[in-house]
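Beneath this line is the structure, given in structure tokens, with notes to follow.
The values are calculated or read from the model by the stated rules, or taken from the named source; none is laboratory data. Nothing here was measured: the structure is a model prediction, and the numbers come from that model. We place every Cβ from the backbone using ideal geometry, glycine too, and count neighbours over all the protein chains shown. We work out accessible area using only protein heavy atoms, side chains counted, and drop any ligands, DNA or RNA first. Shrake-Rupley method; radii C 1.70, N 1.55, O 1.52, S 1.80 Å.
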Amino acid sequence: MPQPLALSVERHLLNRANLGFRLPLTGFARFGAILLVTLAACGPSVEGHSVATHTAIDAKHIDASQVRLSAVSVPEGASELGIVQAHTVQGSIEDAVPEFRNQVAQLGGDFGKIDNVATKFETYTQTRTESYSCGTVNSPRTCTRTVTETREAETTRIIGKAYRLGGATATASKAPGGAAPRSDVPLTAPPATPSSPERASKAP
Amino acid sequence: MKAKSVGFFSYCLLLAACGTTTTHSVLTGAPGRPHAGDVGILMGDDAVPAGMTEVGLVQAIGHGTNADLEHVVDGLKEKARELGCTVVAKVKVDQGSSTASGTGICLRP
């Protein structure tokens, strides 16, 4: 899991000999760097994949922020482009959906239909070393012990399809005949690149 | 005796506080006004009622003592009320050993 990686990087930052060169960091900057690395390692990880099943008619660049979503229906006239998946470990749908949009945009789509959201759980053991006082008042000592904990990691996965609306307009139709997808969702994503048959991306 | 009672009640309070429920949402439509009314829950394959407008996806994650169906469904309802929804459709609850997660589609009239 991410924590051992963070500890390893911390150890590298603290032990300059392991890096092979001296880091010109002050104590404060070093502390900040360690904190950043630790926070980055503890946050949810997000990953996305997509597979093109059809090719977009034009190679129009689609920005992920322009991708509209629905979990109910697809606007009439939309053409299917491919299958899209995004998942997050120790995160929520709020972490996975921006990556889903990103993957839709990378296929050249401007509309994403969410078909399924599922969460699975995995248990893992984590071992850490603790130190504690074990001496007396007269002769204080510090002992160490190894603690093994069982933890649970949840993975939330969103799977669906990418579509190009083209001439189709996403009207404010009502479920189940049609969803009311809008572009006013307060989510932003980095600009997407043109489509290719298969791609994947990872975010920390 | 008194100290023991205080200790026991503190322990009970601590146990009761060992669970949390977090709620999340992603908007795919315009939310309505928050309300305090009831929210209908439609499980997985139940048909989405006609005439409803999609608002977004909602998720509730229960940890610890809240990792059960009741807390997850309550979390989904609470989030749905915030978004002005009266129905959460296609609800699915996944259960782990110390975590439970439920998702659904938030719909309003």
Subject >> Exposure ranking of A:LEU165, B:LEU27 by accessible area [1.4 Å probe, largest first] >> reply: B:LEU27, A:LEU165
Subject >> Long pairs among A:LYS60/B:LYS77; A:LYS161/B:LYS92; A:LYS60/B:LYS79, criterion Cα-Cα beyond 30 Å >> reply: A:LYS60/B:LYS77; A:LYS60/B:LYS79
Subject >> Backbone HN-Hα couplings from phi across region A:83-96 [Karplus 6.51/-1.76/1.60, Hz, Gly and Pro as x] >> reply: 9, 10, 9, 9, 9, 10, 9, 6, x, 10, 4, 5, 8, 7
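Summing +1 for each Lys or Arg and -1 for each Asp or Glu, what net charge is found among the other residues whose Cβ lies under 9 Å from the Cβ of A:THR125?
Combined, the nearby Lys, Arg, Asp and Glu give 0.
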